[in-house]
Amino acid sequence: MECDVCGRAMWRWPALPTAWEEEIWSCSWCHAAAHLGGEWFEVSRPPYLPVKMRWERAVADGLPAEVSHAFGIFDRTLCGIQEAGMSPSGYWWLPERESACGACREAAGVIDGRWPQAMRGEDARISVVARRL
């Protein structure tokens, strides 16, 4: 699948089959996501979010508590750390905080810059619901 934001290849998240057969695809370049399938057979493309609202704080036993890392895609932090059992915390990762990982902050800025201005509007990424057969 091709990313509608940057045109690069997207990668499918490994997931167990569900009753609704939803697939989640992510772009490793600009971190755009697309959700396919689901209960209403839809294509859902979450819109652009600013850096301070895009990522959740990563949690895992192996991460130091004094540094906050951004949970990226494919179960890694934005700076590339991968720990067993890592997950998003449910709380925003705030890059402006002193405790924020500098490498995650830098990666977040680079990824943000990869989104064209034309794709940052609320309606820039159209989502579609298909009819059931």
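A cut-off under 12 angstrom between Cβ atoms defines the neighbours of ALA34, and their net charge, with Lys, Arg +1 and Asp, Glu -1, is -2. Relative to the longest principal axis of the Cα atoms of the chain, helix 102-113 runs at roughly 30 degrees.
Calculate, in nm to one decimal, what VAL51 and GLU21 gain on full extension: separation in residues at 0.36 nm each, minus their alpha carbon distance.
7.8 nm
Each other residue within a Cβ distance under 15 Å of ASP123 adds +1 if Lys or Arg and -1 if Asp or Glu, for a net charge of +1. With K and R counted +1 and D and E -1, the other residues having a Cβ less than 12 Å from that of PRO95 yield a net charge of +1. Once the gyration tensor of the Cα atoms in the range 1-68 is diagonalised, the equivalent ellipsoid follows with semi-axes of 25, 17, 12 Å, ordered largest first.
In Å², what does the accessible area per residue of the range 1-97 work out to with a 1.4 Å probe?
Result: 61 Å² per residue.
The structure shown yields Cα extents along the principal axes in Å, and of the options (1) 41, 36, 23; (2) 56, 49, 34; (3) 52, 35, 23 that calculated value carries the label (3).
Tally up the carbon and sulfur contribution to the accessible surface of the chain as a whole percent, 1.4 Å probe, everything protein left in place.
Here carbon and sulfur together make up 55 percent of the probe-accessible area.
Working from label points 7 Å from Cα in the Cα-to-Cβ sense, the PHE41 to TRP13 distance is 2.3 nm. Each peptide in 22-32, 60-70 was scored by the mean count of other Cβ atoms within 10 Å over its residues; highest first, the order is 22-32, 60-70.
Rounded, prolate or oblate: which fits the range 32-85 when a ≥ b ≥ c are the square roots of the eigenvalues of the alpha-carbon gyration tensor, with rounded for a/c under 1.5 and prolate only if a/b beats b/c? Cα axes put the range 32-85 in the prolate bin.
The values are calculated or read from the model by the stated rules, or taken from the named source; none is laboratory data. Just so you know, these numbers come straight off a predicted model, no measurement behind them. Methodologically, a virtual Cβ is constructed for each residue, glycine included, from the backbone with ideal geometry; neighbour enumeration extends over all protein chains shown. Note: areas computed on protein heavy atoms with side chains; ligands, DNA, RNA excluded. Shrake-Rupley method; radii C 1.70, N 1.55, O 1.52, S 1.80 Å.
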